[in-house]
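K.L.:
Below is the structure I would like to discuss, written out as C-alpha cells.
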Amino acid sequence: AVWHYWRASRDLRFVAKQLLDPLQEILQGYLEGTRFGIGMDDDGLILLNEQETPLTWMDAPRPGKPVEVNALWYCALEVMAALAERLGLKQARHYARLARLVRQNFVRTFLSPEGLLFDTVTNRGPDPCVRPNMLIALGLPFSPLKPSQGSRILDAVERQLLTPVGVRSLSP
C-alpha cells in the first residue's frame, strides 16, 4: 500500500540514503523519550507527561495520550516497517511488532463504547469530548481503525462538528 510513494528504485535509493537515518533517529527518540516528557508508554502508545506546556496543535496543555499523536505514531511505525522490509533491514520485524502493539492498544484505549474516539486518555480516565482530532486517525495511509469503525466516527463528526463554514473544534 505504501509503495506508491516509492515507485522508482531511485526514489527508494534516495529514501535509504538521505532519509532512513533521520527517520530511525526520530522513532528512536520516541522509544527512549524526548524533551517535555514525551515518549512511548509500556502499552506502546505515546504519552505526554508535561502538564502545563501545550505540546499538540491545539495550543493548550493536553497531557496524557492524545488520539491524533498516537494515530500518527502508528502510521509512522507501519511506514518504517514497510520501508525497512523493502530495504531488507533487520529492524523491519521490530517496527512491525511495535505497530501491532500500538494498533491493538490504540483501539482498546481510544475507542469509546459509543464507537467514537476519546480525545485524550490520562490516568484519571478518558476525555469523551468530540473533537476533529479523531479525523486524523481516519485520514492516514495506515489507520489503526477498521473501515467500519472509521465510518461510524465520520458520521458522528459530520453530525456534531460539521457546519456550513467548516469543522468546529468542539461539539456544542
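K.L.:
Just for the Cα atoms in the stretch 29-80, what are the lengths along the principal axes, largest first, rounded to whole Å?
P.N.:
31, 20, 16
K.L.:
Take peptides 51-59, 139-147 and line them up by average Cβ neighbours within 10 Å, highest first, as a rough protection proxy.
P.N.:
139-147, 51-59
K.L.:
Note the full-extension length gain between GLN160 and ARG100 as 0.36 nm times their separation in residues minus their Cα-Cα distance, in nm to one decimal.
P.N.:
Length difference between fully extended and current span is 18.5 nm.
K.L.:
Oh, and also: Give, as a single signed number, the net charge of other residues whose beta carbon lies under 15 Å from the beta carbon of PRO147, with Lys and Arg counted +1 and Asp and Glu -1.
P.N.:
So the environment of PRO147 carries a net charge of +2.
K.L.:
Is the C-alpha gyration tensor of the stretch 114-172 telling us rounded, prolate or oblate? Criteria: a/c under 1.5 is rounded; beyond that, a/b larger than b/c is prolate, otherwise oblate.
P.N.:
oblate
K.L.:
Also, I was wondering about something else. Using label points projected 7 Å from each Cα along Cα→Cβ, tell me how many nm separate ASN49 and SER151, to one decimal.
P.N.:
4.3
K.L.:
Then there is this: Return, for the Cα atoms of the chain, the radius of gyration and Dmax in Å, separated by a comma.
P.N.:
Here Rg and the maximum Cα pair distance are 17.0, 50 Å.
K.L.:
Same structure, new question: Which angle between 0 and 90 degrees, to the nearest 10, do you get for helix 147-160 versus the longest principal axis of the chain when only C-alpha atoms count?
P.N.:
Relative to the chain, helix 147-160 is tipped by roughly 40 degrees.
K.L.:
Beta carbons within 10 angstrom, averaged per residue: use that to sort the peptides 13-20, 120-127, 68-75, highest first.
P.N.:
68-75, 120-127, 13-20
K.L.:
By how many degrees, 0 to 90 and rounded to 10, does the Cα axis of helix 91-110 deviate from the longest principal axis of the chain?
P.N.:
10
K.L.:
While we're on this one: Mind checking the angle between helix 20-32 and the chain's longest principal axis? C-alpha axes, 0 to 90 degrees, to the nearest 10.
P.N.:
The angle comes out at about 50 degrees.
K.L.:
Within a Cβ distance under 14 Å of ALA156, other residues only, what is the Lys/Arg minus Asp/Glu net charge?
P.N.:
It works out to a net charge of 0.
K.L.:
So, one more: For the chain, give the magnitude of the charge dipole about the Cα centre (Cβ charges: +1 Lys/Arg, -1 Asp/Glu; no others), in debye to the nearest 20.
P.N.:
Here the size comes out at about 640 debye.
K.L.:
Further question: Which Cα, out of PRO128, PHE14, LEU140, lies furthest along the positive dipole direction of the chain (beta carbon charges, K/R +1, D/E -1)?
P.N.:
Working it through, the farthest residue towards the positive pole turns out to be PHE14.
K.L.:
Using helices alone, what [θ] at 222 nm do you get for the chain, with -39,500 (n - 2.57) per DSSP H run of 4 or more residues, divided over all residues and rounded to the nearest 500?
P.N.:
-15000 deg cm²/dmol
Taken together, the values in this text are just the output of simple stated rules run on the coordinates, not laboratory data. Nothing here was measured: the structure is a model prediction, and the numbers come from that model. So basically every Cβ, Gly included, is an ideal-geometry build from the backbone, and we count neighbours across all protein chains shown.
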